[in-house]
Amino acid sequence: MNPIIQTVGLTKVYGANGAAVHALRGIDLTVEKGEFVALIGPSGSGKSTLMAILGCLDLPTEGTYTLDGRQVQGLAGGELARIRNEKVGFVFQSYNLLPKASIVRNVELPMLYAGVGRKERRERALALLEKVGIADKADKLPATLSGGQKQRVAVARALANEPALLLADEPTGALDSKTGAEVLDLFRELHSQGNTLLLVTHDPSIAALAERRVEIRDGLIAVTEGVA
Amino acid sequence: MKASGAFRERLFGAWVEIRENLGRSVLQALGVLLGVASVLGGFSISDSQRKRADEMFVKMGGLDKLNVQPRAAIKDGRPTALQQANLGLRDADAVGGEALQSDAIQGVSRQKNTRSRVVSAYADQDRQVSGIGGDFIPANGYGIAQGRGFSNMEMEIGAPVVVLGTEAANTFFPKGDALGQSMRIGDIPVTVIGTFQERVFRFRENQGNQFWWRNRIIAVPANLVQRRMNGDAYRRVDRVTFRIPDLNAMSGFAQQLKNLVKSNHRLQEDFRLDDVAARVRRRQSQGSVYDIIFMLSGVLALVGGGIVNVNIQMASLKERVREVGVKMAIGASGREIFKGFMTEALLLTALGGFAGLVLGIGFSWIITASIGIPLYMTPASFVWAYGLAAAFGFLFALYPAWKASRLSPMEALRYE
């Protein structure tokens, strides 16, 4: 079976010539379907850059990246947007919900971009909110929700188009330990349902939840723990 | 895509955005509003004025008249023998002209005026007396109030009968019993057989009657003037008027008539043709200059508003970079972001434009009311005003929307 993520010699250089910064220096990473991988590393290690490339928010300078069977490098902006829409679900530290749209509209948005019909969109959004346990807040605005609830909405939104890869960037970073644990439970549950998870964190205790830990240091994979 | 209601969602999103940023949105709409109001107002005021002027022409007796009047052939010095022998405008010209295109001509009238002492039991004045022939009375918009007009017989023989305008009737018969009375024009006793209806036209409600002089008319058969007052053997007239309802036939006829009269007059152009419709056309082309001025001022307002809008949009884009980043992260393409911003700007333009139409109506109403002419608005003015606003709204929305659509998703997400 094809891996979800396969990168070969991924490099990323910011700036040009003299002032060039090598954020990634050749990453070879493979993530199989259904894996739960934690990406760890200190700030400045290049893990954010790696995540941006894996999430198709940015393109590598060199190397190849195949996401769920699709070659990503060299694609145009519109194609990348489409891949993000269909194959990647993002969960951010700061939730990044649209403050002016209701909860259910936030969850509907990726489906809207994917061209899902209005009725189906609403039904699926409500089902997802049910799944993450906040169906009763569907018509509220994000500002009225607690941090944990917001993150659940973000998870529901990330799952909207049944992505091949769920990317979470410090998903508990803004939450207290109790709600953080609840959100992590949700991730574990999603993993047990067969979703592929990539979690970026600097917290070893959170990383310990993953099947495999990949540590990035100075733009290279330093250590890999757990089953590959 | 259609079934997904993406447009509807964008529209809703745009509406939410406008509502959430009411102050900024109102400022942005203001430029559009003023532009639309000034185009609509300008057009409507100019239309109202023109309509009023057209009404005046209609009341004067229509646009279908071609006047022939004598003109001095001698500009300087003494007349040559040829010029002296020139016979001037006369009945024969009217008859000849009528024969030219008899089917196009609905009527011919002629005038032979004189100044004379006019005496009744109540007044004794030196007055202009109009000798009229043909269908002068209807062609010039006169109507009979009391009594009757001239019969063909009276016209033909130059009978000593008179029809008075209201002012003339009041002056010479202040008791209001003019009908059947006799008076004297020069040495000739004439009988009053009718009075004209009063002619009133005010360009503005509080202005004087523009047609007051028409009420001074003292009308007698043209033949009476020609034969017994100041006529001559050549039966010269002061004016011949042809009525040609088919305005397309007018210019061709005018040319033919010019040639005919010129050949009758031994090739002297001692007459001039005055085409009322051409005069109106000239005036309308003057009106279109005003239209252009009004449009220009509206366009300037719209351009000014547009530039302000670009500034406001660019500033507000700074606040919304992150929102754009989030949308892009969950799969919005640059095109989608572009459409979103465009929808917002165009919705704002539509709302501002609508308010502008309302303001424009109010504005035109106040101006026309204050100068005292009835308000007249054409659908074309609305279309122009709104169309211009839409065009400029679209044009000025392009840049900020394009800018937003070009943001890099990663940088936008990191933007604080």
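The values are calculated or read from the model by the stated rules, or taken from the named source; none is laboratory data. Computed from a prediction, not measured in an experiment: that's the story for all the values here. Ideal geometry is used to build each Cβ from the backbone, glycine not excepted, and the neighbour counts take in all protein chains shown.
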Requested in this report: Enumerate the pairs (first residue in segment B:164-192 and under 13 Å from B:Val129 (Cβ atoms); second residue anywhere and assigned to a strand (DSSP E or B) and among the small types (Gly, Ala, Ser)) with beta-carbon separation below 6 Å, excluding pairs fewer than 6 apart on the same chain, so at least 6 apart or on different chains.
Outcome: B:Ile185/B:Ser116; B:Gly186/B:Ser116
Requested in this report: For segment B:317-327, indicate whether the set of residues that are on the phi < 0 side of the Ramachandran plot and away from chain A (no Cβ under 14 Å) is non-empty.
Outcome: yes
Query raised in the report: Restricting the search to segment A:23-57, which residues are part of a strand (DSSP E or B) and of a type in the set (A, V, I, L, M, F, W, C)?
Result: A:Ala23, A:Leu24, A:Ile27, A:Leu29, A:Val31, A:Phe36, A:Val37, A:Ala38, A:Leu39, A:Ile40
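Among residues belonging to segment A:67-76 that are without any contact (Cβ under 8 Å) to a residue 40 or more places away in the chain and assigned to a loop (DSSP other than H, G, I, E, B), point out the one that is nearest to the other protein chains (Cβ to nearest Cβ).
Kept after step one, since they are without any contact (Cβ under 8 Å) to a residue 40 or more places away in the chain, are these residues of segment A:67-76: A:70-76.
Applying the additional criterion that residues be assigned to a loop (DSSP other than H, G, I, E, B) yields A:72-76.
Details: A:Val72: 14, A:Gln73: 15, A:Gly74: 16, A:Leu75: 12, A:Ala76: 10 Å.
That would be A:Ala76.
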Query - Failed condition for B:Asn206, given (1) surrounded by 16 or more Cβ atoms within 10 Å (Cβ to Cβ); (2) at pLDDT below 90 - result: (1)
Query raised in the report: Any idea which residue in segment B:381-416 is surrounded by the most Cβ atoms within 10 Å (Cβ to Cβ), counting only those that are without any contact (Cβ under 8 Å) to a residue 60 or more places away in the chain and of a type in the set (Gly, Ala, Ser)?
Result: B:Ala390
Query raised in the report: Does at least one position in segment B:312-320 carry a residue that is outside the structural domain of B:Phe363 (by TED's automatic domain parsing), in a helix (DSSP H, G or I) and farther than 21 Å from B:Ser381 by Cβ?
Result: no
Report task. Restricting attention to segment A:1-22, report how many residues are in a strand (DSSP E or B) and closer than 20 Å to A:Gln193 by Cβ. Result -> 1
Report summary line: B:Leu296: passes all of (1) in contact (Cβ under 8 Å) with a residue 12 or more places away in the chain; (2) under 19 Å from B:Tyr386 (Cα atoms) but (1)
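Yes/no matrix, rows are residues, columns are (1) assigned to a helix (DSSP H, G or I); (2) more than 9 Å from chain B (Cβ to nearest Cβ); (3) aromatic (Phe, Trp, Tyr):
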site	(1), (2), (3)
A:Leu59	no, yes, no
A:Tyr65	no, yes, yes
A:Gly78	yes, no, no
A:Ile83	yes, no, no
A:Gly89	no, no, no
A:Leu97	no, no, no
A:Val107	yes, yes, no
A:Pro110	yes, no, no
A:Arg121	yes, no, no
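Is it true that B:Phe338 is buried (at least 17 other Cβ atoms within 10 Å of the Cβ) and within 12 Å of chain A (Cβ to nearest Cβ)? Don't jump to the end; show me each part of the working.
On the way: buried (at least 17 other Cβ atoms within 10 Å of the Cβ): yes; within 12 Å of chain A (Cβ to nearest Cβ): yes.
For B:Phe338, the condition - buried (at least 17 other Cβ atoms within 10 Å of the Cβ) and within 12 Å of chain A (Cβ to nearest Cβ) - is met.
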Report task. Please enumerate the residues belonging to segment B:210-269 that are of a type in the set (D, E, K, R), more than 33 Å from the chain's Cα centre (by Cα) and within 22 Å of B:Gly133 (Cβ to Cβ). Result -> B:Arg227, B:Arg228, B:Asp232, B:Arg235, B:Arg236
Report summary line: Checked segment B:103-123 for anything within 30 Å of the chain's Cα centre (by Cα), surrounded by fewer than 20 Cβ atoms within 10 Å (Cβ to Cβ) and small (Gly, Ala, Ser); matches are B:Ala104, B:Gly107
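Take segment B:124-144 and flag every residue that is part of a strand (DSSP E or B) and crowded, with 16+ Cβ neighbours inside 10 Å.
Start the filter on segment B:124-144 by keeping residues that are part of a strand (DSSP E or B), which leaves B:124-134, B:144.
Those that are part of a strand (DSSP E or B) and crowded, with 16+ Cβ neighbours inside 10 Å: B:Arg127, B:Val129, B:Ser130, B:Gly131, B:Ile132, B:Gly133, B:Gly134.
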**Report entry** Members of segment B:243-270 found to be within 20 Å of B:Asn140 (Cβ to Cβ) and in contact with a helix residue (DSSP H, G or I) (Cβ under 8 Å, 6 or more places away or on another chain), listed by number
**Finding:** B:Arg243, B:Ile244, B:Leu247, B:Met250, B:Phe253, B:Leu257
**Report entry** Selection count where residues are within 19 Å of A:Ile5 (Cα to Cα) and buried (at least 19 other Cβ atoms within 10 Å of the Cβ), scope segment A:188-206
**Finding:** 9
Query raised in the report: Within segment A:130-228, which strands (runs of 3 or more DSSP E) (wholly inside it) include 3 or more residues that are without any contact (Cβ under 8 Å) to a residue 12 or more places away in the chain and under 14 Å from the mean Cα position of the chain (by Cα)?
Result: none
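Of the residues B:Gly305, B:Gly252, B:Gly231, which single one is part of a helix (DSSP H, G or I) and either among the polar types (S, T, N, Q) or surrounded by 16 or more Cβ atoms within 10 Å (Cβ to Cβ) (or both)? Even if it seems obvious, please write down each step before you answer.
Values: B:Gly252 fails: either among the polar types (S, T, N, Q) or surrounded by 16 or more Cβ atoms within 10 Å (Cβ to Cβ) (or both); B:Gly231 fails: part of a helix (DSSP H, G or I).
Just a single option satisfies the conditions, and that option is B:Gly305.
For (1) touching a Phe, Trp or Tyr at 6+ places or on another chain (Cβ under 9 Å); (2) surrounded by fewer than 24 Cβ atoms within 10 Å (Cβ to Cβ); (3) under 20 Å from A:Arg213 (Cα atoms), each residue gets a yes or a no:
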position: A:Arg25; (1), (2), (3): no, yes, yes
position: A:Asp28; (1), (2), (3): no, yes, yes
position: A:Thr64; (1), (2), (3): no, yes, no
position: A:Val72; (1), (2), (3): yes, yes, no
position: A:Ala81; (1), (2), (3): yes, no, no
position: A:Lys87; (1), (2), (3): no, yes, no
Query raised in the report: Quick one: which of A:Ala127, A:Ala114, A:Ala138 is of a type in the set (Gly, Ala, Ser) and either within 12 Å of another protein chain (Cβ to nearest Cβ) or in contact with a strand residue (DSSP E or B) (Cβ under 7 Å, 6 or more places away or on another chain) (or both)?
Result: A:Ala114
Report summary line: Going through (1) hydrophobic (A, V, I, L, M, F, W, C); (2) at pLDDT below 80; (3) closer than 30 Å to B:Ala301 by Cβ one by one, B:Ala37 fails only at (2)
